[in-house]
1. Looking at region 146-158, which of its residues are of a type outside the set (Val, Ile, Thr) and surrounded by 13 or more Cβ atoms within 10 Å (Cβ to Cβ)?
2. When you check LEU33 against the structure, is it closer than 30 Å to ALA158 by Cβ and either crowded, with 17+ Cβ neighbours inside 10 Å or not aromatic (Phe, Trp, Tyr) (or both), yes or no?
3. Residues in region 117-127: is at least one within 19 Å of the chain's Cα centre (by Cα), of a type in the set (Gly, Ala, Ser) and within 19 Å of LYS184 (Cβ to Cβ)?
4. Which one of ALA108, ALA77, ALA39, ALA71 is free of Cβ contacts under 8 Å to residues at least 40 places away in the same chain, under 30 Å from ASP191 (Cβ atoms) and either of a type in the set (Gly, Ala, Ser) or in contact with a Gly (Cβ under 9 Å, 6 or more places away or on another chain) (or both)?
Amino acid sequence: MKDRKDYIVEKAFDVFMNKGYDSASITVLQKELGISRGAMYRYFKSKEELFFEVIDRYVFELFDRFMPKVAEEITLAGLIEYLYHYNERIYQYFGKQNIETRFLNFTALIIQAAKHYPGFTEKMKILNDEYIDLWKRAIVNSITKKEIRGDVDVNVLARLFSTESKNLKFIEQEFEQESKFMQKIRIWKRDREYLYSLIRK
């Protein structure tokens with residue numbers, strides 16, 4: 001029974017990503033999943049309930065699955081390396097084929113969740129705050145271990161390290177043999193290593 005439910009959630013994830021929440025009616029979901037309406041309702045009372053399960057599993061649980069608790073003593077250099085490999089795991093998770101399209105569809109799914117999932121924005125804010133706090137902890141640890149200067153503003157520096165890289169044209173020129181997604185991962189690491197070098201002792 002659990003396997004059938006997992007199958008429904010997995011396939012519904014693709015349907016919601018490719019067609020969008022509004023276009024993915026129960027009839028569409030039933031056809032795409034290849035199951036009867038009764039079989040779907042056996043596990044989920046409505047499209048909304050199924051959508052909530054998809055978001056829980058492929059957004060919130062995604063963070064838990066690929067980003068377990070980081071060591072309390074982690075430093076900036078360690079966190080940069082850790083998150084770089086975390087991004088690589090995300091790349092593997094989405095699959096190398098059509099990664100850009102799938103990631104764009106996933107981004108669209110996030111936007112739909114903000115509209116249809118009660119409390120989604122608040123949950124994402126908590127995750128973002130935890131992410132910034134992770135950088136703050138790494139900065140403080142690096143200061144304590146005298147790996148970086150002690151006169152830095154921890155809050156400002158944490159925001160700088162946690163901000164995404166945007167210069168895709170530059171990325172393509174430097175890593176033109178790789179997919180845009182992998183290019184972004186590599187430039188993400190390079191930007192943070194450069195920022196780290198500016199404050200390193």
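The values are calculated or read from the model by the stated rules, or taken from the named source; none is laboratory data. The structure presented is a predicted model; accordingly, all values stated were derived computationally and were not measured. Note that we place each Cβ from the backbone using ideal geometry, even for glycine, and neighbour counts take in every protein chain shown.
1. GLU147, LEU157, ALA158
2. no
3. no
4. The unique qualifying residue is ALA71.
Yes or no, residue by residue, for (1) surrounded by fewer than 17 Cβ atoms within 10 Å (Cβ to Cβ); (2) within 19 Å of the chain's Cα centre (by Cα); (3) assigned by TED's automatic domain parsing to the domain that holds GLN112; (4) at pLDDT below 95:
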{"site": "LYS5", "(1), (2), (3), (4)": "yes, no, no, yes"}
{"site": "ASP14", "(1), (2), (3), (4)": "yes, yes, no, yes"}
{"site": "LYS19", "(1), (2), (3), (4)": "yes, no, no, yes"}
{"site": "SER25", "(1), (2), (3), (4)": "yes, no, no, yes"}
{"site": "TYR41", "(1), (2), (3), (4)": "yes, no, no, yes"}
{"site": "LYS45", "(1), (2), (3), (4)": "yes, no, no, yes"}
{"site": "PHE52", "(1), (2), (3), (4)": "no, yes, no, no"}
